[in-house]
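Readers should treat all values here as calculations from the given coordinates under stated rules, not as data from a laboratory. Bear in mind that the values here come from a model prediction, so they are computed numbers and not experimental data. Cβ placement follows ideal geometry from the backbone for every residue including glycine, while neighbour counts extend to all protein chains displayed.
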Amino acid sequence: MLDRIKRLRSSGHDLDARLLLAAYTTRIANEHGVGCILVGGSAVDFYTASTLESVSGLLPGHLRGSVDLDFVAAATRTRQDAARLRAALATNGFKPVEGVPVQSARTWSHPEGPGLIVDVMPDDLEGSVPHVRTLTVDGIDIQIIGPEDLFIQYLEAAIATAHRHDYTRAVALALTHEEDMDWPYVYDVSPPSIPAALIDHARHAGPYEAALDF
Amino acid sequence: MNESLLRSAFGLDGFTVLEATRLLGIDPKPLLTRLKQSGIVERVGRGRYRFRTDDAAARVGQKLASLALAKERRTEADIRSLAVTAKVRWESWIGSGRLVVNGRHYTWRLADVG
């Protein structure tokens, strides 16, 4: 499977390569009795794959693709599960990028792989398990964080760190999934730093600079 | 704004007045009339239009679109149109067979690289 991931990447199918690597990682985790959930930028890239070529000129910024895969362990969502996921990766040839001990290494890569990074996040899932979706790639079911929680995370990050790119990702998610997102959930669980008016603003692709004034 | 939405959604494919109405959420005839008079779109059948492909028309269209984006404040109708445009493209993935959506279960077909 690693060869196929490399072929996909070298032929310009970067998202396909990352999704197949996510499937490969999920299979390894499941074989070791650990669940995992794809979160972060690659999850955004899947949900907004269509947006790149359709409304990119109308977004508040350039929508850059991610360069890694972020996972959280999902079995019981404890640090022990993250350690088991890391051990499973090590058993299957992945190496810690930082050269730190296996049990605490966050960033992983496979020497025979496509050069993509797999991040095993130390945190719990920042989001709702019932909103997690299933994405089947090459016959393997990947658990992927819901677009609702991604929208909240990137909007919150955009305000906290004043990064236009995070705001662009939130807007792209809203535009692409305006009709199938659980918006009542989004309004209900968003932290005080994201008032309803700001959610409305982002849903309406409002200007980035104005978003910082809420 | 609305012209750029039409370009984004339909590219060089033809489109009908009905499709443009569904995309923009407004009666597109005044816009289509202006674009036709400017030589940016051409009529290719009964109620059917497409963007012209020659460079001059493309340059004019691009300029008008950028001016519109710079000057026009986005309205509620514009926003609905943006969402529709994104959804049109999301559905185009489905139409291409790369993506199957069944409620909250997605299936992605990888590109064939042998």
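Peptide A:199-206 has a mean of 2 when you count, residue by residue, the C-beta atoms of other protein chains within 10 Å of its C-beta. The packing ranking, built from the mean of other Cβ atoms within 10 Å per residue, places the peptides A:187-193, A:66-72 in the order A:66-72, A:187-193, highest first. Within chain A, the longest run free of exposed loop sites, counting GluC sites (Glu not before Pro) that sit outside DSSP helix and strand states (H, G, I, E, B) and have at most 12 other Cβ atoms within 10 Å, spans A:1-97. Mean per-residue shielding of peptide A:130-143 is 3, counting Cβ atoms of other chains within 10 Å of each Cβ.
Provide the net charge surrounding B:ARG109, with neighbours chosen by a C-beta distance below 13 Å and charges set as Lys +1, Arg +1, Asp -1, Glu -1. Residues near B:ARG109 contribute -2 overall. Extension gain, A:ALA162 to A:ASP124, is 11.2 nm, computed as 0.36 nm per intervening residue step minus the present C-alpha separation.
Please arrange A:LEU2, A:LEU135, A:LEU125, A:LEU21 by how many other C-beta atoms lie within 10 Å of their C-beta, fewest to most. Please list the in-between numbers first.
Values: A:LEU2 15, A:LEU135 23, A:LEU125 18, A:LEU21 27.
Ordered by Cβ neighbours within 10 Å, fewest first: A:LEU2, A:LEU125, A:LEU135, A:LEU21.
From other protein chains only, count the Cβ atoms within 10 Å of every residue's Cβ in B:99-110, then give the mean. Write out the running numbers ahead of the final one.
Values: counts 4, 1, 2, 2, 3, 9, 5, 9, 6, 12, 4, 12.
Neighbouring Cβ atoms belonging to other protein chains average 6 per residue here.
Extending 7 Å from the Cα toward the beta-carbon at both A:GLU209 and B:VAL100 defines two label points whose distance is 4.8 nm. In angstrom, the C-alpha Rg and Dmax of chain A are 17.4, 49. Rounded to whole numbers, the Karplus 3J(HN,Hα) couplings from phi for the stretch A:144-157 are 10, 3, x, x, 4, 5, 5, 4, 4, 4, 6, 5, 5, 5 Hz, using 6.51 cos²θ - 1.76 cosθ + 1.60 with θ = phi - 60°, and x at Gly and Pro.
Extending 7 Å from Cα along the Cβ direction at A:ALA197 and again at B:LEU18 yields two label points whose distance is 4.3 nm. Counting neighbouring beta carbons within 10 Å and listing from fewest to most, the residues A:TRP108, A:TRP183 come out as A:TRP183, A:TRP108.
Taking a Cβ cut-off of under 12 Å around A:GLY115, the surrounding Lys, Arg, Asp and Glu residues balance to a net charge of 0, with basic ones at +1 and acidic ones at -1. Our coupling estimate for the stretch A:201-214, obtained by passing each phi through the Karplus curve with A = 6.51, B = -1.76, C = 1.60 and θ = phi - 60°, is 4, 5, 4, 9, 6, x, x, 5, 4, 5, 4, 6, 8, 6 Hz, Gly and Pro reported as x.
What length, rounded to one decimal in nm, is gained on full extension from B:GLU42 through to B:ALA111, with 0.36 nm per residue of separation minus their alpha-carbon distance? Kindly include the intermediate steps, with their values, before the conclusion.
On the way: separation 69, 0.36 × 69 = 24.84 nm, distance 3.52 nm.
Fully extending the segment from B:GLU42 to B:ALA111 adds 21.3 nm.
Think of it as helices only: each DSSP H run of n ≥ 4 in chain A is worth -39500 (n - 2.57), and spread over all residues that comes to -13500 deg cm²/dmol at 222 nm. The stretch A:186-214 and the stretch A:83-143 have Cα centres separated by 31 Å.
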